[in-house]
Amino acid sequence: MELNGQTVLVTGGAGFIGSNFILYLLEKYKNLKIINLDKLTYAGNLENLKTVEDDPRYSFIKGDITDPAVVGQVMVGIDIVVHFAAESHVDRSVMNPAEFVMTNTVGTQVLLDAAVKHKIKRFHHVSTDEVFGSLPLDLKLKFNEDSHLKPNSPYAASKAGSDLLVRAYYKTFGLPVTLTNTSNNYGPYQFPEKFIPLVITNLLEDKKVPVYGQGINVRDWLWVKDHCRGIELAITKGRLGETYCLGGSEDMINNLVVIKKILKIMGKDESYITYVKDRPGHDLRYAIDSSKAEKELGYRPTIKLDEGLEMTVKWYKDNQGWWQRVKTGKYQTYYKKQYGDMG
Ligand code: NAD
Ligand code: TYD
């Protein structure tokens with residue numbers, strides 16, 4: 001489907017990936033309208049969209065996806081929904097699962113109902129590889145579109161519930177949907193509670209970096225703009241009702257290796273590494289087989305981890321005001337609860 005000429009509702013567009021996606025679309029498509037519906041939780045930040053706030057093709061509505069009245073109003077005149085809005089941090093889902101079920105699962109169902117009612121041309125659902133659970137360390141196994149749903153955290157379970165609802169609305173109501181399940185993103189505008197920006201900003205503040213357990217957990221890292229491109233491809237070239245798995249890394253890279261790469265880029269030694277209590281239910285390994293997306297969509301990540309980490313460190317160095325403002329206030333309360341008095 002063609003994107004030019006459409007009105008696109010982006011939910012959660014003030015968050016990390018949503019804001020990168022809006023900037024990406026506005027740069028690439030000249031004849032397109034974007035409405036950003038975001039509740040502005042702790043993770044939503046309109047500063048990410050400063051460069052486009054006066055663009056006549058872009059508008060912002062503050063609102064909650066779990067509120068049917070708000071969603072019903074916003075859906076009028078929309079062609080395409082790209083659904084990012086979510087509670088997205090695993091550690092917070094351990095502290096407060098109910099909020100995750102409400103936003104991620106119920107919120108998705110509220111959007112789906114409105115999308116059916118307003119005969120939306122496409123509902124694209126953005127999901128995660130975490131719905132598939134955990135892979136063993138010693139095997140070269142990868143997740144793909146046929147992997148079983150085996151979520152281990154309340155976050156992953158609430159996203160798995162949303163994936164199933166999207167599928168059910170396709171089968172039952174004929175809503176034209178596509179889905180993507182993606183690995184760990186990193187890059188500009190990521191909230192510094194997530195691993196990579198937490199490590200970088202702690203080091204910029206000359207603080208220690210917390211490693212859960214032994215640091216042997218493996219993630220599949222994807223440069224955020226490569227993810228945006230993958231979503232665009234799923235919308236423009238994907239088959240209705242289909243899921244596409246989008247991954248990034250080429251090798252098995254554990255958390256300690258990621259930290260050591262960042263320490264090297266930032267010219268710091270390994271004394272900054274601090275081992276802290278492991279996350280309960282901590283998934284050991286994620287890895288994605290993107291071959292379906294490669295074959296059907298022409299998806300291919302362009303940025304390798306070493307290059308992406310260099311660019312990410314540079315972005316956080318160049319945008320100290322952004323993350324310093326984010327790290328004040330409620331972030332401090334969360335940080336103390338999660339990490340205690342660590343350096
Ligand atoms: P984020 O936490 O940075 O942003 C989430 C955004 O959603 C925020 O702007 C927040 O204000 C908004 N939001 C939260 N609750 C809302 C509600 N009830 N109503 C309206 N808006 C609400 O998250 P992110 O990292 O940008 O992730 C975006 C999406 O991508 C999520 O669905 C997530 O599950 C998925 N995803 C993320 C990753 C990753 O590595 N970050 C990987 C795969 C998939
Ligand atoms: P995170 O960015 O929270 O993403 P996810 O858990 O959704 O994959 O964490 C990435 C990895 O880094 C994960 O294995 C947990 C680990 N981690 C730490 O070791 N220390 C930390 O302070 C954080 C936030 C994460």
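Every number here is computed from the coordinates shown, using simple stated rules; none is lab data. Keep in mind that this is a model prediction, so the values were computed, not measured. Cβ atoms come from the backbone with ideal geometry, glycine included; neighbour counts cover every protein chain shown.
Summary table
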| quantity | calculated |
| --- | --- |
| FRET efficiency estimate (nearest 0.05) - Cβ-Cβ, THR51 to GLN214, R0 41 angstrom | 0.50 |
| Förster-model FRET efficiency, 41 Å R0, ARG239 and GLN332, C-beta, rounded to 0.05 | 0.30 |
| Förster-model FRET efficiency, 35 Å R0, LEU141 and MET311, C-beta, rounded to 0.05 | 0.70 |
| Amide N proximity, the stretch 218-235 versus ASP251 label position 7 Å along Cα-to-Cβ, cut-off under 18 Å | 218-223 |
| Inter-label distance, nm, simple model (7 Å from Cα along the C-beta direction), LYS117/LYS260 | 5.6 |
| Percentage, to the nearest whole number, of Cα pairs in the stretch 28-76 over 12 Å apart | 67 |
| Overall Cα dimensions of the stretch 222-276 - principal axes, largest extent first, Å | 51, 20, 20 |
| Mean separation of Cα contacts under 8 Å (6+ apart) over length of the stretch 98-194, as relative contact order % | 41 |
| Cβ-based exposure ranking for VAL81, VAL52, in which fewest neighbours within 10 Å come first | VAL52, VAL81 |
| When each of LYS39/LYS330; LYS30/LYS50; LYS142/LYS264; LYS117/LYS171; LYS264/LYS317; LYS28/LYS117 is checked by Cα-Cα distance, pairs over 25 Å | LYS142/LYS264; LYS28/LYS117 |
| Two-site label geometry, LEU284 and THR302: point separation in nm, points 7 Å out along Cα→Cβ | 3.7 |
| Mean projection area, nm², convex hull over Cα of the stretch 253-343 | 8.6 |
| The chain: translational diffusion in µm²/s, Stokes-Einstein, Kirkwood Rh over Cα pairs, 10 °C, 1.306 mPa s | 78 |
| Principal axis dimensions, the stretch 211-305 - Cα atoms, whole angstrom, descending | 49, 32, 18 |
| Alpha-carbon radius of gyration plus Dmax, which is the widest Cα pair, for the stretch 196-251 in Å | 16.5, 49 |
| For the stretch 196-315: relative contact order, % (alpha-carbon pairs under 8 angstrom, 6 or more apart) | 42 |
| The chain: relative contact order in percent, alpha carbon pairs under 8 Å with at least 6 residues between | 18 |
| Tail weight of P(r) past 21 Å, computed on alpha-carbon pairs of the stretch 1-89, percent | 23 |
| GNM flexibility winner over the chain from LYS117, LYS264, LYS304 (Cα, springs under 10 Å) | LYS264 |
